[in-house]
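Enquirer: Would you mind keeping the following structure in view while I ask a few things?
What follows draws every value from the coordinates through simple rules; no lab data is involved. Keep in mind that what you see is a predicted model, and the values were worked out from it rather than measured. Positions of Cβ are generated from backbone atoms using ideal geometry, with glycine treated the same way; all protein chains shown enter the neighbour counts.
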């Protein structure tokens, strides 16, 4: 289309150009609004996912604190029965591992104590001490 100077345009040409410009502005506004809505939806989804992860972490930590509290039962029972200090230490390390939410702390010590002393703990609370037979080490 030939671009004419404003004085050379007829009213209908000027009206058409103005309407086209208004349509372009409206389309740009809609696109901008849709982009903002998509960004907002994505942000909301990300925030929901983060809240879900934090909730799961909180529940795991709460369960670990409860389980660590059960370890005191095992430690006190072992101490009261005069068990070897290695058994008491293994139970205490399991409690620490639960409290700091790091299973590798317990896994490293348990592997060493399993091999050296033939002891381990049950997999679930109250984490009683298990003395292994020589072939189970």
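Enquirer: Using helices alone, what [θ] at 222 nm do you get for the chain, with -39,500 (n - 2.57) per DSSP H run of 4 or more residues, divided over all residues and rounded to the nearest 500?
Expert: Taken over the chain, the calculation gives -26500 deg cm²/dmol.
Enquirer: Stretched out fully, how many nm does the piece from residue 79 to residue 41 gain, at 0.36 nm a residue minus the Cα gap?
Expert: Values: separation 38, 0.36 × 38 = 13.68 nm, distance 5.70 nm.
My answer for the length gained is 8.0 nm.
Enquirer: What FRET efficiency do you get for residue 15 and residue 51 if R0 is 35 Å and r is their Cβ-Cβ distance, rounded to the nearest 0.05?
Expert: The calculated FRET efficiency here is 0.05.
Enquirer: In whole percent, what relative contact order does the chain give with Cα contacts below 8 Å and a gap of six or more residues?
Expert: Worked out over the chain, it gives 18 percent.
Enquirer: Follow-up. Can you tell me how much longer the chain between residue 116 and residue 62 gets when fully stretched, taken as 0.36 nm per residue apart minus their C-alpha distance, in nm with one decimal?
Expert: 16.2 nm
Enquirer: Going by the alpha-carbon gyration tensor, a ≥ b ≥ c the square roots of its eigenvalues, is the chain rounded (a/c under 1.5) or, if a/c is not under 1.5, prolate (a/b greater than b/c) versus oblate? If you can, show how the numbers build up before the last one.
Expert: Details: a/c = 8.71, a/b = 5.29, b/c = 1.65.
Here the chain falls in the prolate category.
Enquirer: For segment 35-75 and segment 106-137, what is the separation of their Cα centres, given in Å?
Expert: Cα centres, segment 35-75 to segment 106-137: 31 Å.
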